[in-house]
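The values are calculated or read from the model by the stated rules, or taken from the named source; none is laboratory data. Worth saying up front: this structure is predicted, and the values here are computed from it rather than measured. Quick reminder, even Gly has a Cβ in these numbers, built from the backbone with ideal geometry, and neighbours come from all protein chains shown.
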Amino acid sequence: MEKASRAEGLRFLVVEDQGFQRWAVEQMLRGMGAGEVYTAADGKEALDIVRRDKAIDIIVTDLNMPGMDGIEFIRHVGQSATHASFLLVSGQDPSLIASVGAMTEAYGARLVDTIHKPLTAQKLGAALERYRNPEVTPDAAPPAYTVAEIEAAVRKGEIEPWFQPKISLATQEVVGAEALARWRHPLHGVVRPASFVGTLEGEGSIEQLTLTMLAQSGHACRTWREAGFRAKVSVNISLTSLVDVMLADRMEQIVKGTGVEAADVILEITETAAASHLGRVLENLTRLRMKGFGLSIDDFGTGYASMQQLSRIPFTELKVDQSFVRGAGAGGSSRAVLESSLEIARKLRIDAVAEGVETEEQLELLRKLGCPLVQGNHFMEPLAGDEFLARLKRRPAARASQA
Ligand code: C2E
Ligand code: MG
Ligand code: MG
């Protein structure tokens, strides 16, 4: 009964050139309680329906169709006034379906799911479940707070680092931990960086957050030392804060003030946009490196001109973006990016970290590819300072990793 109601009250359009499949999907949707099910045999016919009924909720569409294919159809819908979401169904290669999915979102349309044919009632049910309860992914979180609210939170000390370990595959030791900003909001609970970092960056006001994260992370690293762990601490630095040429000295002072050395701290840098003051950014990075800080290139493979950055900046570490770790199991282009990134790190003699490791299969593949360092929820999700240290102490390998 629960299953039968998943489509209840929703209006659907099914676009599929094969008559039997079109009929089968229509029956499944009606069986699940759909409010309305339109059907169309190609993109052109479907577009006419979309223009007539602007209240369609979900368009279930095939990609290969004679005449106007699914790709062109999605573009037209994206440019029209409808709010419909897409459910892509295709027998094509999963990596191709995924890229059509990315295109759909780039056109501003919501993508519920991409389904590899054959479409079964079970797959359809799961996709509708996702439509009803969309996961709040960190990237999709809206910038819900104003700069003034966020700055006040920084001043009041409501934003603090949580830590996620970086583990050596050879020794199982925790060699470091990444500090990830968490806002303990008095009303909204724990708020993740997607809701405030971008807003601060956009207004050029990220500096206070950077400095408070650095200070708190330095302190945490010191407590690990005192408990006998040699782990370094990694702090995320926005490229925009690196425009201030005084930054390197201030960062050094802050770190020294916490009782650890610059060499205990790794700065993770993501290039999210072409750097506007490249000279100053390079000056800061070079100086930070000279002072002993480690420099890590974050989300490698997704940023701007990553290769060029690698040759210009004295990086000590490369973090392969989690999207490639996630996609590598299926082979294809993600696997190629993952392998080449590890190869580049080896050739440059810098550390490589695979981010976002979630499963034993991913770990197995990374071992096979000789990835030295891993990080991800498979080992430990990010945890608040005290809890992190308590978990470090409880780890089976903890004794071996103690200094
Ligand atoms: P990042 O530096 O690439 O950090 C990794 C993100 O992946 C974190 O998200 C982490 O919680 C998440 N993650 C770790 N393991 C897994 C896993 O197994 N599966 C999945 N799905 N996710 C995993 P988070 O904490 O939401 O941070 C997002 C981004 O915000 C960070 O990406 C970083 O670029 C930025 N950020 C975080 N803290 C700060 C900060 O203090 N300052 C600045 N400027 N940026 C920050
Ligand atoms: Mg990072
Ligand atoms: Mg990253």
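Go through segment 311-332 and count every residue that is of a type outside the set (K, R) and either within 16 Å of ligand 3 (Cβ to nearest atom) or modelled with pLDDT of 85 or more (or both).
13
Could you tell me whether any residue of segment 165-172 is of a type in the set (S, T, N, Q) and within 16 Å of ligand 3 (Cβ to nearest atom)?
Scanning segment 165-172, I find no residue that is of a type in the set (S, T, N, Q) and within 16 Å of ligand 3 (Cβ to nearest atom), so the answer is no.
Looking at (1) in a strand (DSSP E or B); (2) more than 9 Å from ligand 1 (Cβ to nearest atom), which is the only condition V235 fails?
Only one criterion in (1) in a strand (DSSP E or B); (2) more than 9 Å from ligand 1 (Cβ to nearest atom) is unmet by V235, namely (2).
If you go through segment 144-164 one residue at a time, how many are away from ligand 3 (no atom under 16 Å from the Cβ) and either in a loop (DSSP other than H, G, I, E, B) or in contact with a helix residue (DSSP H, G or I) (Cβ under 8 Å, 6 or more places away or on another chain) (or both)?
Going through segment 144-164 one residue at a time, the tally reaches 13.
In this structure, does A144 turn out to be modelled with pLDDT under 95 and within 23 Å of the chain's Cα centre (by Cα)?
Numbers: modelled with pLDDT under 95: yes; within 23 Å of the chain's Cα centre (by Cα): yes.
For A144, the condition - modelled with pLDDT under 95 and within 23 Å of the chain's Cα centre (by Cα) - is met.
I need the full set of residues from segment 168-192 which are part of a strand (DSSP E or B) and within 12 Å of ligand 1 (Cβ to nearest atom), in order please.
Within segment 168-192, A177, E178, A179, L180, A181, R182, W183, V190, V191 qualify.
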